[in-house]
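Contents: one structure, followed by commentary.
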Amino acid sequence: MLPTRIPSFVIAALLATLSASHFTTGKFSGNIPTDSPIENEEIRNNTSESIMNTTIKNIIIKGYTNPWIKENLELTHQTILDLSCTLTSLPDLPASVTGYWKKDGKEIPGSQTVIEKKDERFHFQNKQFRFPITDSSHLGNYSCVFDLRPEAEARFIVTVPHTEGREKPLISYEGDAIVMVCKAHSHLPNGWTWYRLNGTERNIINATLNPEKFTTAVEKGKKASLKIMGLTQEDSGIFWCSAIYDIGSSEGRIHLKVLSYTVPLKPFLAIAVEVLILVSLILIYEHHTKKKQTITENGKDSEHTEKLTSDGSNGLRDGTARHRNV
Amino acid sequence: MPPPPTTNLGYIPPDGGWGWPVVFGAFMSIGFSYAFPKALTIYFKEIQEFFSVSYSEIAWVSSIMLATMYAGGPVSSILVNKYGSRPVVISGGVMCAVAMVAASFGTSIIQLYICVGIIGGMGLAFNLQPSLTIIGKYFLKKRPMANGLAMAGSPVFLCTLAPVNQLLFDTFGWRGSFFILGGLLLNCCVAGALFRPIGITSKSAQKQDKKPIGEEKVNNGASSEPSSPQAANPFSGREPAKPAGCCQKVNKFIDISLFKHRGFLIYLIGNVLMFFGFFAPIVFLAPYAKHLGIDEYSAAFLLSILAIVDMIARPGTGMVANTRWIRPKIQYFFSFSVAYNGVCHLLCPLASGYLGLVMYAVFFGLAFGMVCALLFETLMDLVGAQRFSSAVGLVTIIECCPVLLGPPIGGALVDAFGDYKYMYYVCGAVMLLAGIFLFIMNYYNYRLLEKEEKEREKKEEDEEEKVELEIPGSEVCCESEETNEKPTTAEQEA
């Protein structure tokens with residue numbers, strides 16, 4: 001769509017200069033990546049859009065599926081999306097059908113196209129109509145819709161690679177240190193930021209300002225870690241790590257809980273008390289039964305010796321029996 | 001039911017009564033010993049991130065703990081020989097608790113190695129050996145059953161410790177969990193309290209047979225002779241001349257003369273061979289399932305199936321081994337179960353798909369349980385309950401090597417061939433070989449024992465003709481128990 005191209009080009013240029021200035025002022029606490037992304041941006045500024053990569057994706061819709069077919073597209077750099085859908089395996093296909101594109105559920109104006117049936121299938125692709133992805137506003141759900149009764153739809157979910165934080169809370173103790181790790185999914189982000197939310201306000205964690213408390217590190221670009229020393233109760237809460245790409249950022253969430261040392265102490269003491277009680281009970285019972293035994297033993301002393309000698313004579317009898325048998 | 005045999009213990013074990021609480025205590029002790037190092041692996045990922053170390057470095061914690069538990073066997077045996085089971089288990093429980101509490105404050109991975117690995121491992125060793133020993137003291141007729149029940153502690157504890165550990169970790173983090181696990185390990189002291197000392201007390205010792213039985217507790221005199229360490233020269237029955245001095249001194253603590261015991265040597269060689277292929281298949285079951293395309297949860301479920309079948313197989317095997325058809329020839333039953341294990345592994349690569357692997361897990365669980373239930377029962381059967389504590393110490397320290405080397409060698413095989421089936425073939429072949437070796441050698445051993453028994457009986461009859469002696473119940477059913485002790489009992493009577 002020609003009208004939309006020029007604004008997006010301008011937006012791309014603005015974004016490039018903005019991000020370039022970000023890198024040079026060193027606002028991000030992560031490792032400053034190499035110069036190449038900045039250079040690439042500047043090159044793109046000067047040349048036409050056709051240098052941008054084209055990402056081609058196709059979905060084949062075979063009959064009515066429930067739910068509709070979805071395809072995830074994870075993009076890291078600016079690109080032009082060349083999306084297409086192929087509709088087959090429907091009974092009573094008419095000779096031609098109208099198709100249009102939707103972004104985030106809303107029809108993109110002017111995207112209506114008439115598609116002819118070819119080889120029992122409808123291939124919806126318009127080389128003049130492609131989607132440039134240059135910033136985060138271009139990310140979202142792109143759906144191709146075939147105007148039939150009922151409609152046939154396929155969806156492309158265009159996002160930046162998601163970042164993995166931690167689902168379960170991270171537990172640590174007062175005075176201890178903790179290491180939080182975020183992993184980027186598949187691609188190398190340009191940088192990382194760590195922040196906490198105060199209402200809707202972002203408090204960015206700056207390791208250089210506070211080196212005794214915070215240390216950040218990035219391992220091979222894909223894993224970012226934040227080490228917090230000297231934990232206090234105030235550090236409890238939700239931390240966000242943000243992986244920054246050319247066209248947007250994705251967040252990972254980590255929930256930190258800081259406990260005091262008395263918390264595990266209570267179950268420990270409970271178990272220790274239980275052990276002590278059980279051990280004392282067992283030993284007391286044993287002492288009790290032993291006492292009873294010695295009392296009865298003393299009474300039955302003579303019987304005891306008789307029993308022993310009878311045991312012996314048993315053996316002797318058996319021995320003699322064997323002897324006799326032989 | 002076979003007639004009550006002599007045990008060289010100097011008394012008839014109760015085979016019940018307080019024996020059952022003792023079995024329960026042994027159940028707990030053995031459960032902690034075997035399941036704890038494996039259940040610790042749940043914390044490894046978190047600790048790995050915390051200390052910024054690689055996975056293999058953190059896996060060393062478990063390996064060191066297991067290695068120390070096995071290597072600490074002789075130390076444990078010496079202490080049990082000297083002080084009896086109860087003090088050793090209680091101190092083992094306290095050691096483990098202290099180790100875990102200290103580890104919860106650890107600031108480096110080396111501290112974890114020392115606290116959890118070495119001290120914790122020693123504590124577990126102090127739990128394992130005495131539990132096995134005391135079963136032999138309390139049971140004779142029903143001993144295989146008691147052994148099977150006690151060994152069932154391992155899968156039961158593994159099944160319970162794993163979710164408990166996960167729960168503790170989610171609630172308290174790894175430090176808090178280690179702290180609370182220290183408390184849980186104190187329960188080993190409860191098991192220790194149940195291990196009431198049994199044996200000939202000084203009173204009954206004086207009354208019995210006018211023979212100098214020796215120390216007040218029989219478990220004290222467990223060195224080389226059943227009853228009289230001071231009386232006759234311990235080696236007179238076996239070798240005519242033995243250089244006195246260091247060997248005899250060592251023998252007072254731990255019975256190294258076992259290395260001349262034929263049955264013991266057969267057991268040792270067969271078991272060392274077996275352990276090379278014993279643990280690797282379990283370690284690699286889940287990765288193999290994932291390799292075949294099965295999802296993670298179903299793969300983990302295979303291990304649960306294995307554990308559940310194992311739980312049932314151990315007491316079941318104990319019951320079967322107790323029957324009068326199997327008990328006299330229990331060594332054959334053990335060799336059969338080892339060989340059966342081998343056959344299972346050899347057939348494993350034929351299993352295709354999830355259902356095939358489930359069947360393999362069921363059969364393997366059965367085989368694994370059978371071997372584990374009989375593992376120590378056969379040793380008791382061979383060397384007798386008196387020398388068992390020294391025997392188990394020596395066996396575990398020697399088995400330490402194949403137990404630790406087995407999984408890494410299996411892993412190397414998998415890496416080398418890029419496929420799991422060769423590892424299964426090798427493990428299966430090794431175990432089948434071990435089973436056949438044990439079978440043949442035990443056949444030979446049984447034959448020799450029968451011969452020796454006949455010679456002994458002939459000798460006894462000759463002696464009885466000369467002298468009137470009180471022989472306490474010389475009926476024998478489990479001939480293998482008496483083995484090389486026969487000439488020495490005759491020696492005693494003379």
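Rule-based calculations on the coordinates, nothing more; no lab input. The structure displayed is predicted, hence computed values, not measured ones. FYI the Cβ positions are ideal-geometry reconstructions off the backbone, even for glycines, and counts take in every protein chain you see.
Here are some notes:
- Inter-label distance, nm, simple model (7 Å from Cα along the C-beta direction), B:Ile312/A:Thr200: 6.1
- Note on the stretch B:255-469: lysine pairs with Cα distance below 26 Å, sequence gap of 8 or more or different chains, count 14.
- Filtered chymotrypsin sites (Phe, Trp or Tyr not before Pro), the stretch B:317-373: DSSP coil and at most 10 other beta carbons within 10 Å: B:Trp325
- Surrounding net charge for B:Pro130, when Lys and Arg each add one and Asp and Glu each subtract one, Cβ distance under 13 Å: +4
- With 10 Å bins from 0: P(r) over the stretch B:13-200, alpha-carbon pairs, percent: 11, 38, 32, 14, 4, 0
- Spread of Cα-to-Cα distances over 10 Å intervals beginning at zero, given as percent, for the stretch A:47-183: 10, 35, 26, 14, 8, 5, 2, 0
- Amide H within-cut-off set for A:Tyr261, under 5 Å, with H built and near neighbours excluded: A:Glu174
- Taken along its principal axes, the alpha carbon cloud of the stretch B:140-200 reaches lengths of 48, 23, 9 Å, longest axis first.
- Count Lys and Arg as plus one, Asp and Glu as minus one, and take only other residues whose Cβ is under 14 Å from that of B:Ile326; the net charge is then +4.
- At 1.306 mPa s and 10 °C, Stokes diffusion of the stretch A:191-307 via Kirkwood alpha-carbon radius, µm² per second: 78
- The stretch B:8-113: mean projected area of Cα convex hull, nm²: 8.2
- Rounded, prolate or oblate (a/c below 1.5 giving rounded, otherwise prolate when a/b exceeds b/c) for the stretch A:114-255 by Cα gyration tensor: prolate
- Checked against a 21 Å cut-off, the cross-linked pairs A:Lys57/A:Lys183; A:Lys57/A:Lys102; A:Lys213/A:Lys266; A:Lys257/B:Lys38 give Cα-Cα distances beyond that limit for A:Lys57/A:Lys183; A:Lys213/A:Lys266; A:Lys257/B:Lys38.
- Site pair A:Lys57 and B:Ala416 shows an inter-label distance of 4.6 nm when each label is modelled 7 Å from Cα along Cα→Cβ.
- Dimensions of the stretch B:255-469 along the principal axes, based on C-alpha atoms and rounded to the nearest Å, stand at 77, 32, 26, largest first.
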